[in-house]
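Read the figures in this text as sums done on the coordinates, not as results from a lab. Just so it is clear, the model here is predicted, and its values are computed rather than measured. So basically every Cβ, Gly included, is an ideal-geometry build from the backbone, and we count neighbours across all protein chains shown.
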Amino acid sequence: MRKYLFFLIFFLNACNETAFSIDNKQNQLQEIEFDVVEKKLIIAEDIPENIKNTLNLWFNNKVKVNGFSGNMTLDVYNYEQEIINIIDGKRIETSLNFKVILNKPVLSKKKTIKGEIKSYGELIGSFSLNDFDILTKNTQLDLIERLNGEIKNKI
């Protein structure tokens, strides 16, 4: 009898397995310091609202100024997102361009850093629309993390 009870419990438990679900990504944004007094963020109009919000949050909380003169302008533009059908799944590719202008008029110095950042994510197999939305947000967050790292490496 115990043998059948164990088998029944095992069988019922196996039937109750839930489908795999993708998790929300936690941001890994690092602080960046600039040797200037002022900072300014310019975000192009065609960038989705949730990316604008994340960029503003990152810029206001993680981009620091600690200088005595000069200003810094970060211009984010040319956001592109493409959803591609792949075998048994979907792939999302994102990219954006950026330009950092460091201006120190007292020293007659101006430095410009330009770049393009790309990121992608894939879902294979069966997944829900919610899983795809989470993948999209995670890919967009990864794009901003890559922007953070790229700027930090170039200054």
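Hey, any hits in the stretch 36-50 for a residue that's under 25 Å from residue 130 (Cβ atoms), within 17 Å of the chain's Cα centre (by Cα) and part of a helix (DSSP H, G or I)?
Yes.
Here is a yes/no grid of residues against (1) in contact with a Lys or Arg (Cβ under 7 Å, 6 or more places away or on another chain); (2) of a type in the set (A, V, I, L, M, F, W, C):
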residue	(1), (2)
65	yes, yes
70	yes, no
83	yes, yes
126	no, no
130	no, no
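Only residues that are hydrophobic (A, V, I, L, M, F, W, C), without any contact (Cβ under 8 Å) to a residue 40 or more places away in the chain and touching a strand residue (DSSP E or B) at 6+ places or on another chain (Cβ under 7 Å): list them for the stretch 28-77, please.
Of everything in the stretch 28-77, those that are hydrophobic (A, V, I, L, M, F, W, C), without any contact (Cβ under 8 Å) to a residue 40 or more places away in the chain and touching a strand residue (DSSP E or B) at 6+ places or on another chain (Cβ under 7 Å) turn out to be 37, 41, 42, 43, 44, 59, 63, 65, 72.
Identify the single condition in (1) over 30 Å from residue 71 (Cβ atoms); (2) β-branched (Val, Ile, Thr); (3) in contact (Cβ under 8 Å) with a residue 40 or more places away in the chain that residue 124 does not satisfy, given that it satisfies every other one.
Condition (3) is where residue 124 drops out.
Are any of the residues in the stretch 82-93 over 30 Å from residue 38 (Cβ atoms), touching a residue at least 60 places away in the same chain (Cβ under 8 Å) and among the polar types (S, T, N, Q)?
Residues of the stretch 82-93 over 30 Å from residue 38 (Cβ atoms): 82-93.
With the extra rule that they be touching a residue at least 60 places away in the same chain (Cβ under 8 Å), the set shrinks to none.
The answer is no, given that none of the residues of the stretch 82-93 is over 30 Å from residue 38 (Cβ atoms), touching a residue at least 60 places away in the same chain (Cβ under 8 Å) and among the polar types (S, T, N, Q).
Any residue that is farther than 21 Å from residue 29 by Cα, in contact with a Leu (Cβ under 9 Å, 6 or more places away or on another chain), surrounded by 12 or more Cβ atoms within 10 Å (Cβ to Cβ) and among the charged types (D, E, K, R) - is there at least one of those in the stretch 135-155?
Within the stretch 135-155, not a single residue is farther than 21 Å from residue 29 by Cα, in contact with a Leu (Cβ under 9 Å, 6 or more places away or on another chain), surrounded by 12 or more Cβ atoms within 10 Å (Cβ to Cβ) and among the charged types (D, E, K, R).
Considering the stretch 90-102 alone, what residues qualify as being surrounded by fewer than 18 Cβ atoms within 10 Å (Cβ to Cβ) and more than 16 Å from the chain's Cα centre (by Cα)?
Across the stretch 90-102, the qualifying residues are 90, 99, 101.
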